[in-house]
Amino acid sequence: MYSSTPKTIIAWLILAISATADTSFASNVGGVFGPGVTLGDQSAQYRGAYDPDNNNFVQRIHYQHALNDDVRLRGVFQARKTADSDVDFDFFQGELQWRLKGSAKRQQAVRLDVRIRDRGRVGTLGLNWTNQFTLSPTISARAIILAAVEVGNGARSGVLLQTRSSLSHNLNKRFSVSAELFSEYGSSTDFDSFDDQIHQIGPALSGKLTDDWSFFSGVLVGATDASPDTSLRLWLSKSFK
């Protein structure tokens, strides 16, 4: 077992972020998720993202369960701090990920997302294609295309398109560093101009705290006028298998 000291430090960081966030707009808690599915996987994850420029704070809880070594189900509950509540419901999302046939150097999967909101806000149906490439024994890359349609009153027309990518380097058996890029282009019926699109890029550090606990921490910086200037991100994961 690893020392519990890193876990304690991460817990204090979560409390510090929670104490400083005081309004309710979207922050980036999305991930550059990989195609891997592990037989017997049962795990939970906490995610928090904070925009210090606007005091925006979003939190998520994930729970996932692998049905076999190809198919995984996940439920996502997202909350945000608003003027009405410290933890106001944002959405629930159900996900089904199916790993496709791959090779030693390339793995791929598709993921179906169903997102439900309350108070008459539009929901979404999403279909995502994720790829992971092994470039060397310690370096890998991921590339994802995300497509979604809105459903409900006030839904936008067309397909909403995003891409995500990362380049990761394993420092040792416990820790890895990465660079991540998130891009949102708008609707296929009327793509936004580049300055109106959201593009964020930044570094991340992830690793294992104990045999059952792991963490992810990172910073994203906006590259266009429409992008948030800064997003601080912190995740904690617990495996039950």
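The values are calculated or read from the model by the stated rules, or taken from the named source; none is laboratory data. Owing to the predicted nature of the structure, the values given are computational and were not obtained by experimental measurement. A quick note on method: Cβ atoms are made from the backbone with ideal geometry, for glycine too, and the neighbour counts reach across all protein chains shown. For the accessible areas, the whole protein counts, side chains as well, though only heavy atoms, and no ligand, DNA or RNA atoms are used. Shrake-Rupley method; radii C 1.70, N 1.55, O 1.52, S 1.80 Å.
Residues are listed down the side, and each one gets a yes or a no for (1) under 30 Å from Thr138 (Cα atoms); (2) out of contact with any Pro (no Cβ under 9 Å at 6 or more places or on another chain); (3) part of a strand (DSSP E or B); (4) open to solvent by 20 Å² or more (accessible area, probe 1.4 Å):
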{"site": "Leu161", "(1), (2), (3), (4)": "no, yes, yes, yes"}
{"site": "Lys173", "(1), (2), (3), (4)": "yes, yes, no, yes"}
{"site": "Phe182", "(1), (2), (3), (4)": "yes, yes, yes, no"}
{"site": "Tyr185", "(1), (2), (3), (4)": "no, yes, yes, yes"}
{"site": "Pro203", "(1), (2), (3), (4)": "yes, yes, yes, yes"}
{"site": "Ser217", "(1), (2), (3), (4)": "yes, yes, yes, yes"}
{"site": "Asp225", "(1), (2), (3), (4)": "no, yes, no, yes"}
{"site": "Ser237", "(1), (2), (3), (4)": "yes, yes, yes, yes"}
{"site": "Lys241", "(1), (2), (3), (4)": "yes, yes, no, yes"}
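Just a yes or no: is a residue in region 102-115 charged (D, E, K, R) and assigned to a loop (DSSP other than H, G, I, E, B)? Spell out how you get there, then give the answer.
To start, the set of residues in region 102-115 that are charged (D, E, K, R) comprises 105-106, 111, 113, 115.
Those left that are additionally assigned to a loop (DSSP other than H, G, I, E, B): 105.
Yes, some residue in region 102-115 is charged (D, E, K, R) and assigned to a loop (DSSP other than H, G, I, E, B).
Take Phe25 and tell me if it is closer than 23 Å to Ser227 by Cα, at pLDDT below 85, open to solvent by 20 Å² or more (accessible area, probe 1.4 Å) and not small (Gly, Ala, Ser).
Values: closer than 23 Å to Ser227 by Cα: yes; at pLDDT below 85: yes; open to solvent by 20 Å² or more (accessible area, probe 1.4 Å): yes; not small (Gly, Ala, Ser): yes.
Answer is yes for this residue.
Could you list, ordered by first residue, the pairs with Cβ atoms under 9 Å in which the first is in region 159-170 and farther than 17 Å from Asp196 by Cβ and of a type in the set (Lys, Arg) and the second is in a strand (DSSP E or B) and open to solvent by 50 Å² or more (accessible area, probe 1.4 Å), at least 6 apart or interchain?
Arg164/Arg142; Arg164/Ile145; Arg164/Leu181
In region 28-64, which residue that is open to solvent by 50 Å² or more (accessible area, probe 1.4 Å) and hydrophobic (A, V, I, L, M, F, W, C) is modelled with the highest pLDDT?
Looking at the filtered set, the residue picked out is Ile61.
Which one is least open to solvent (accessible area, probe 1.4 Å), of the residues in region 65-101 that are within 21 Å of Gly120 (Cα to Cα) and aromatic (Phe, Trp, Tyr)?
Phe91
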